[in-house]
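Right, one structure below, let's go through it.
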Amino acid sequence: MRLLRPGAVTQAERTDEPRQGFYAGRMGFFRQTAWHIILGGLSVCFALPLLWMLSSALKENQEIFRIPVQWFPETFLWGNFIEVLNYPGYPFFLFFRNSMFYAGMVTVGTVLSCSLVGYGFARLRFPGRGFLFSLTLATMMVPYIVTFIPTFLLFKNLGVLGTYIPLIAPAFFAEAFFIFMMRQFFRGVPRELDDAARVDGAGEFRIFWQIMLPLVKPALVVMAVFTFVWTWHDFFRPLIYLNDPDQFPLSLGLFSFRGRRLTEWHLMMAAATLMTAPLVILFAVAQKYFVRGMRMFGIKG
């Protein structure tokens, strides 16, 4: 019997290695294919309401409720969008401008305030930092409806109801979730950069503005996109704080359009499509940084 030295590989093991690699490769291929099929199916499920909205926006009103369901219109009525834009009593462009102002200001306030507070918790050392950060995270456990009435009374006593101040001002005082997110990103930046900048005479704000913010640009894009989308769809707060129809954003404008044109669902779907289009364009423009930021947040979180 031939003795093998330690660590030697027999001929049978050499033969099994390619076979095992072949089977492992095939299993990996089938696993990836299965995941792609599952994710593709979920994507179709999420896309169906949007496709139905777009299809309904290009139909006549009676076609929408036809049975069996008709996914594609017999005639593409692009004039529905023109009718919505020019319909008397429904100033779409005014509502659109109000939504851009509202969502844009809230996004700017959230990005500035949350990045500043997150930087402070991540990079500055001061007494009680851990306690204050825990207290900040604890505010995420409080439902919004609990703080809504005291906040409403505060703005009422300040005499700013009927303006955009109650809608925009809270964004400049930071949001707990985005503070946590920005803190995680800032903690991932090497501290040697801070020390080198201080040696060169840079102040704290200059380090934050010129060194740190460019390094966490994907996080800023993620925060900006989420904030813009949430604010763009916000219905409850404008309904409570705004009284003048000329101040309504698109969310309230679409509701008022439904009240006047209850039976003409094709025009309402056209208005909803026009309201959704800016968000699709925003994500298409920011997709590169958004995906990178979400991936980095998943690793750092």
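Some observations on this one:
- Helices (runs of 4 or more DSSP H) completely within region 195-292 that count 3 or more residues being open to solvent by less than 70 Å² (accessible area, probe 1.4 Å) and farther than 26 Å from residue 83 by Cβ: 217-232, 236-241
- Some residue of region 208-225 being aromatic (Phe, Trp, Tyr) and either more than 18 Å from the chain's Cα centre (by Cα) or at pLDDT below 90 (or both): yes
- Taking the criterion of being of a type in the set (Gly, Ala, Ser) and open to solvent by 50 Å² or more (accessible area, probe 1.4 Å), no residue of region 58-88 qualifies.
- In region 133-156 there is at least one residue matching the filter, namely being open to solvent by less than 50 Å² (accessible area, probe 1.4 Å), in contact with a helix residue (DSSP H, G or I) (Cβ under 6 Å, 6 or more places away or on another chain), part of a helix (DSSP H, G or I) and farther than 14 Å from residue 180 by Cβ.
- Any hit, region 128-137, residues being closer than 26 Å to residue 95 by Cβ and either over 27 Å from the mean Cα position of the chain (by Cα) or assigned by TED's automatic domain parsing to the domain that holds residue 249 (or both): no
- Of all the numbered requirements in (1) among the aliphatic types (A, V, I, L, M); (2) within 24 Å of residue 246 (Cα to Cα); (3) outside any helix (DSSP H, G or I), residue 105 misses one, and that requirement is (3).
- Residue within region 100-114 that is buried (at least 16 other Cβ atoms within 10 Å of the Cβ) and either more than 30 Å from residue 226 (Cα to Cα) or at pLDDT below 90 (or both) present: no
The values are calculated or read from the model by the stated rules, or taken from the named source; none is laboratory data. Small disclaimer: the values here were computed from a predicted structure and weren't measured. Neighbour counts run over all protein chains shown; Cβ positions are idealised from the backbone, glycine included. When the accessible area is computed, the model is the full protein with side chains, heavy atoms only, and any ligands, DNA or RNA have been set aside. Shrake-Rupley method; radii C 1.70, N 1.55, O 1.52, S 1.80 Å.
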